[in-house]
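Here's the structure we're looking at; comments come further down.
The values are calculated or read from the model by the stated rules, or taken from the named source; none is laboratory data. Just so you know, these numbers come straight off a predicted model, no measurement behind them. Counting neighbours? That spans all protein chains shown, and the Cβs are built from the backbone with ideal geometry, glycine included.
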Amino acid sequence: MSELERKFLATARNLERVWDDEALDQVAAGARARAKRRSRTRRLGLGAAAAVVVAVIAGVALRTPVVPAATEASVYIDLGVPSDPRFNVLEASPDALVLELVEPKATFRVQRQEGRTVRVKAGPAIVEVIGTTFTVELVGQDTVVAVDEGRVKVSVAGVSKVLTPGERQRFSPPPVATPEPPASEPVPDEPQAPPVGVAAPASPPAPARPQENWRALARRGEFARAYPVLSAVGPSDEPTELLLAADVARLSGHPRAAVPWLRRVAMHFTRDARAALAAFTLGRVLLDDLGDPRGAARAFAQVRVLEPKGPLAADALAREAEALHRLGETAAARERALEYLERYPDGRKAAAVRGWGGL
Amino acid sequence: MRTRLAIVREVVGHREPDDFERLVRSYTPYVASIAIKVLGREGDVDDVVQQTFAEALEGMDRLREPAAVRGWLATITVRILMRQLRRQRVLETFALAERWTPTMLGTQVAGGEERVTLARVYQVVERFSPSERVPWALRYLQGERLDAIAEVTGCSLATVKRRIAVVQAAIEEAFGDV
């Protein structure tokens, strides 16, 4: 095996994810649901006319209660559509059954659903059933969920928690958002700072949306759709999220918006292993996308401050020489070029650096 | 003839009440590992993994040898990945989808140098067709044997070698300074 192969294999191993129980449960449930849908699609594929007939029949069936009323003690959910004065049925489809609790309290016993998701909305909480017996109780503005058997996932304002047997937890609605002052950056002469701060936009506030929306879109590579959502809510002040936000901005064609987030990581999370990468990317954005060689030169210099012997140091020094050359600071460009050639005489940018340094 | 449950139980044990879930628990990391190496992005991995096990659930009747479970799942995964990459290329051709620009900035697990390396790798391999890039990724990023790659991609060993060599030449050119 060559050195390159060994390097690739070792590097690619970093991409592998650790799968916890919840994620594995989701894979199994999702696969079952897909298999069921595929099977159903094939069965319905006999012809369009037959499909229409089936759809009509199914539509009628879904409107017809097929299960007797639940017992007094608990609500039993089988594969049909339940009917009970303690809740309203908001959705009943082959894929989902959504109930809304209208009485203060009810206990649910849920049969394994074979691909159908069962959710109970109660106050601020949405309780997603993973196959179980549980009690939901409305207490003022809050919702109390207690699990007897199996597991449930409770979501409030986009934040989820899985409860297991014996667990009982009270969930409150999220507090009404109060605008925070935008975080200001102490670097004064970067005119490209966008109206979006680290955590809050200065532009008119858009309707609040769960923060995970833009992250989910970004992870699917849908940067153009993720950017407006991100602009409305802003990333949290944490390196991973700031870097992801910078990815979204750059790759959706808004490099200017990436600048404060990259700078935040480069200047304020200097002990994070990604700070140098953020500084390097900042330099590239400023130089290549925004035509700001002065800011770029500073950013590339910051890379070498953060990791003087790191893997990006050589390229950062070369790009700093390039930025100074483009700025017209020939003496400084020459100085950096000489430094590069002394440190990296066989560096892959040696020829270009000679040009930028006028050597 | 053994039933499919007997085979799965032989492979993954029989203590779990649900053999399919046991299969998922045993092989999800492997299937996901193939998907992320081929795609170079996390976004679609969950989708590929779920689809793989959905097709596996339907096809368990055709499984005859316990030792073949791993290769069987790899074959399904690769087929799904090929399908997905081809669909993506068609959409890109007609400007119905944005071209994926590799970026590893948000990746938590890798260090700076590794992220830069991975970004460069995927920038190179995405220029190639799925039938070329998938075998290369299986060989150089996943570490699969050539005969195993031939089996899961349904190609001859010679074809696999040729396709890998095409991509590898471009990689070596791009990483000539490494």
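Tell me, which residue of the stretch B:144-177 that is under 15 Å from residue B:124 (Cα atoms) and touching a residue at least 40 places away in the same chain (Cβ under 8 Å) is surrounded by the most Cβ atoms within 10 Å (Cβ to Cβ)?
Restricting to residues being under 15 Å from residue B:124 (Cα atoms) and touching a residue at least 40 places away in the same chain (Cβ under 8 Å), the top hit is B:167.
Which members of the stretch A:11-44 meet the condition of being more than 8 Å from chain B (Cβ to nearest Cβ) and farther than 24 Å from residue B:20 by Cβ?
Result: A:13, single match.
Residues checked against (1) touching a strand residue (DSSP E or B) at 6+ places or on another chain (Cβ under 8 Å); (2) away from chain B (no Cβ under 14 Å); (3) free of Cβ contacts under 8 Å to residues at least 60 places away in the same chain:
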| residue | (1), (2), (3) |
| --- | --- |
| A:287 | no, yes, yes |
| A:290 | no, yes, no |
| A:295 | no, yes, no |
| A:301 | no, yes, yes |
| A:314 | no, no, yes |
| A:331 | no, yes, yes |
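Out of all the residues in the stretch B:112-151, which are polar (S, T, N, Q) and assigned to a helix (DSSP H, G or I)?
Within the stretch B:112-151, B:117, B:123, B:131 qualify.
Of all residues in the stretch B:21-71, count the ones that are facing chain A (nearest Cβ under 7 Å), outside any loop (DSSP other than H, G, I, E, B) and not aliphatic (A, V, I, L, M).
Qualifying residue count, the stretch B:21-71: 10.
From the set of residues in the stretch B:99-143 that are among the polar types (S, T, N, Q) and buried (at least 17 other Cβ atoms within 10 Å of the Cβ), which is modelled with the highest pLDDT?
B:142
If residue B:162 satisfies all but one of (1) more than 11 Å from the chain's Cα centre (by Cα); (2) under 30 Å from residue A:312 (Cα atoms), what's the number of the condition it fails?
For residue B:162, the exception is condition (2).
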